[in-house]
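Q: The structure is given below, and queries will be raised subsequently.
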Amino acid sequence: MKKIAVLTTGGDAPGMNTAIRSVVRYGISQKLEVAGVFRGWWGLINEELKILNHRSVSGIISQGGTILKTARCAEFRTREGMERAYETVKKNNIDGLVVIGGNGSFSAALEFGKKFNLPCVGIAASIDNDINGIDATIGTDTAVNTALDAIDKIRDTATSMERIFVVEVMGRASGFIALTVALAGGCEDVIIPERKFDLNLVCHDIVHGNLIGKMSWIIVIAEGAGQAEDIARQVTEMTGLETRTVVLGHVQRGGRPTAFSRGLALNLGKAAVDRLLEGKTGIALGMIAGRIGEVDFETAIQNKALDADSFYQLNKILT
Ligand code: F6P
């Protein structure tokens, strides 16, 4: 293996830049040439890539986003798209790919790698932490802390004005961010796509709480489970109490990666290069049981189960 390429695809996650820096600098230390592909699979289809050197990745260790840009590329899932992408691979003598992204990225990498017998190693990066078999992905810790910072601030005003807030966090198909920030933020209820939720019960608790002097309430909702506005309207209808809503949105995707996200990204970048040099392919790397570990792409793209029940039990006792 003489030359590898690195790309970021799907939703960006804070720490992707940190991972790119590691792949490039560690790759060079292993006598590899490293190309950066722009805008994910789109860049491979359209031959938008350039050789990166030590200096190309200066000053990005602490920057959110990705200097390589990222995109969701439907064209890559077509036969023609994949063939054009492989033309770029051949023409540029690329011997292996490091794909930094989430589920969608890995399912595309699985197909591409198999079809053209091209070594592909994934680095798990997604704020949703929804990659099966992997405990921690790049970006989740940062996104959770961003959301938590906002929730702590909302708590101040909710308590002072004795109000009910419904806070919408990211997670189209995953309740990980919602559950984590709700527990860490002492939020009274959380609504996630993976679990049925009875708003009548919540409203009953709110009314009962009011009678015994508990006047403020924060309900966290993952975007995939519904809209904050909708829930707030129903709570007001059922309880007669005033509500406010906050949609945190894409602020959760940006910002300086935390020490944890950076440390993970730096270690995963090195590990991805090592795995390619060892001849491995078709695997996604992430933190597993406290260490850098791997799962095959087929496993990584399955639905990840969330232990929501134990969260709910603990949260009910503690709030
Ligand atoms: O990257 C994951 C994620 O942030 C989800 O939590 C969210 O639902 C989705 O991406 C939003 O995607 P987009 O930025 O393309 O609207």
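The values are calculated or read from the model by the stated rules, or taken from the named source; none is laboratory data. Since this is a predicted model, take the numbers as computed values, not measurements. Virtual Cβ from ideal backbone geometry, glycine too; neighbours counted across all protein chains shown. All accessible areas refer to the heavy atoms of the entire protein, side chains included, with ligands and DNA or RNA removed. Shrake-Rupley method; radii C 1.70, N 1.55, O 1.52, S 1.80 Å.
Q: For residues that are part of a helix (DSSP H, G or I) and within 16 Å of the ligand (Cβ to nearest atom), tally how many sit in region 253-300.
A: 4
Q: Cβ-Cβ under 7 Å, sequence separation 6+ or interchain: first residue in region 23-44 and buried (at least 23 other Cβ atoms within 10 Å of the Cβ), partner aromatic (Phe, Trp, Tyr). Which pairs?
A: Trp41/Phe76
Q: Among the residues of region 29-40 satisfying the criterion of being outside any strand (DSSP E or B), of a type outside the set (A, V, I, L, M, F, W, C) and under 20 Å from Asp95 (Cβ atoms), which is farthest from the ligand (Cβ to nearest atom)?
A: Once the filter is applied, the top-ranked residue is Lys31.
Q: Would you confirm, using the coordinates I've provided, whether Val251 is in contact with a Leu (Cβ under 8 Å, 6 or more places away or on another chain), touching a residue at least 40 places away in the same chain (Cβ under 8 Å) and not aromatic (Phe, Trp, Tyr)?
A: no
Q: Looking at the structure I just gave you, is Leu110 under 27 Å from the mean Cα position of the chain (by Cα), more than 15 Å from the ligand (Cβ to nearest atom) and not in a helix (DSSP H, G or I)?
A: On the way: under 27 Å from the mean Cα position of the chain (by Cα): yes; more than 15 Å from the ligand (Cβ to nearest atom): yes; not in a helix (DSSP H, G or I): no.
It is false that Leu110 is under 27 Å from the mean Cα position of the chain (by Cα), more than 15 Å from the ligand (Cβ to nearest atom) and not in a helix (DSSP H, G or I).
Q: A further question on this structure: Which one is surrounded by the most Cβ atoms within 10 Å (Cβ to Cβ) among residues in region 139-157 that are among the β-branched types (Val, Ile, Thr) and more than 16 Å from the ligand (Cβ to nearest atom)?
A: By that ranking, first place goes to Ile151.
Q: Same structure again: Which of the following residues is at negative phi, of a type in the set (A, V, I, L, M, F, W, C) and modelled with pLDDT under 95: Ile283, Ile317, Ile301?
A: Result of the check over Ile283, Ile317, Ile301: Ile317.
This table checks each residue for (1) part of a loop (DSSP other than H, G, I, E, B); (2) touching a helix residue (DSSP H, G or I) at 6+ places or on another chain (Cβ under 9 Å).
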{"position": "Gly27", "(1), (2)": "no, yes"}
{"position": "Trp42", "(1), (2)": "no, yes"}
{"position": "Arg55", "(1), (2)": "no, no"}
{"position": "Ala71", "(1), (2)": "yes, yes"}
{"position": "Gly81", "(1), (2)": "no, yes"}
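Q: Looking at Gly269, Gly224, Gly263, Gly249 in this structure, which one is at pLDDT 95 or above and at positive phi? Spell out how you get there, then give the answer.
A: Details: Gly269 fails: at positive phi; Gly224 fails: at positive phi; Gly263 fails: at positive phi.
The unique qualifying residue is Gly249.
Q: Could you say which residue among Gly96, Gly10 is among the small types (Gly, Ala, Ser) and either modelled with pLDDT under 95 or open to solvent by 10 Å² or more (accessible area, probe 1.4 Å) (or both)?
A: Gly10
Q: Tell me, yes or no, whether region 204-213 has at least one residue that is closer than 26 Å to Thr70 by Cβ, open to solvent by 40 Å² or more (accessible area, probe 1.4 Å) and either more than 27 Å from the chain's Cα centre (by Cα) or in contact (Cβ under 8 Å) with a residue 12 or more places away in the chain (or both).
A: Applying the first criterion (closer than 26 Å to Thr70 by Cβ) to region 204-213 yields none.
Within region 204-213, not a single residue is closer than 26 Å to Thr70 by Cβ, open to solvent by 40 Å² or more (accessible area, probe 1.4 Å) and either more than 27 Å from the chain's Cα centre (by Cα) or in contact (Cβ under 8 Å) with a residue 12 or more places away in the chain (or both).
Q: Scan region 74-93 for residues that are of a type outside the set (S, T, N, Q) and open to solvent by 30 Å² or more (accessible area, probe 1.4 Å) and report the count.
A: Initial filter on region 74-93 (of a type outside the set (S, T, N, Q)): 74-77, 79-87, 89-91.
Applying the additional criterion that residues be open to solvent by 30 Å² or more (accessible area, probe 1.4 Å) yields 74-75, 77, 79-80, 83-84, 86-87, 90-91.
Residues that pass the stated criteria total 11.
Q: I'd like the residue in region 5-25 that is in a helix (DSSP H, G or I) and not hydroxyl-bearing (Ser, Thr, Tyr) and, out of all such residues, is nearest to Val57 (Cα to Cα). It would help to see each step written out before you state the result.
A: From region 5-25, those in a helix (DSSP H, G or I) are 16-25; that's our starting set.
Now drop any that are not not hydroxyl-bearing (Ser, Thr, Tyr), which leaves 16-17, 19-21, 23-25.
Numbers: Met16: 12, Asn17: 8, Ala19: 10, Ile20: 8, Arg21: 5, Val23: 10, Val24: 8, Arg25: 8 Å.
For region 5-25, the residue satisfying everything is Arg21.
Q: Residue check: is Ile177 more than 23 Å from the chain's Cα centre (by Cα), outside any loop (DSSP other than H, G, I, E, B) and closer than 30 Å to Gly263 by Cβ?
A: no
Q: Select, from Ile100, Ile134, the only residue that is among the β-branched types (Val, Ile, Thr) and part of a loop (DSSP other than H, G, I, E, B).
A: Result of the check over Ile100, Ile134: Ile134.
Q: So which residues in region 50-60 are under 15 Å from Ile94 (Cα atoms) and open to solvent by 40 Å² or more (accessible area, probe 1.4 Å), if there are any at all?
A: Listed by number, the residues that qualify are Lys50, Ile51.
Q: Would you check which residues across region 158-191 are closer than 14 Å to Gln227 by Cβ and within 16 Å of the ligand (Cβ to nearest atom) and list them?
A: Answer for region 158-191, where residues must be closer than 14 Å to Gln227 by Cβ and within 16 Å of the ligand (Cβ to nearest atom): Val167, Glu168, Val169, Met170, Gly171, Arg172, Ala178, Ile191.
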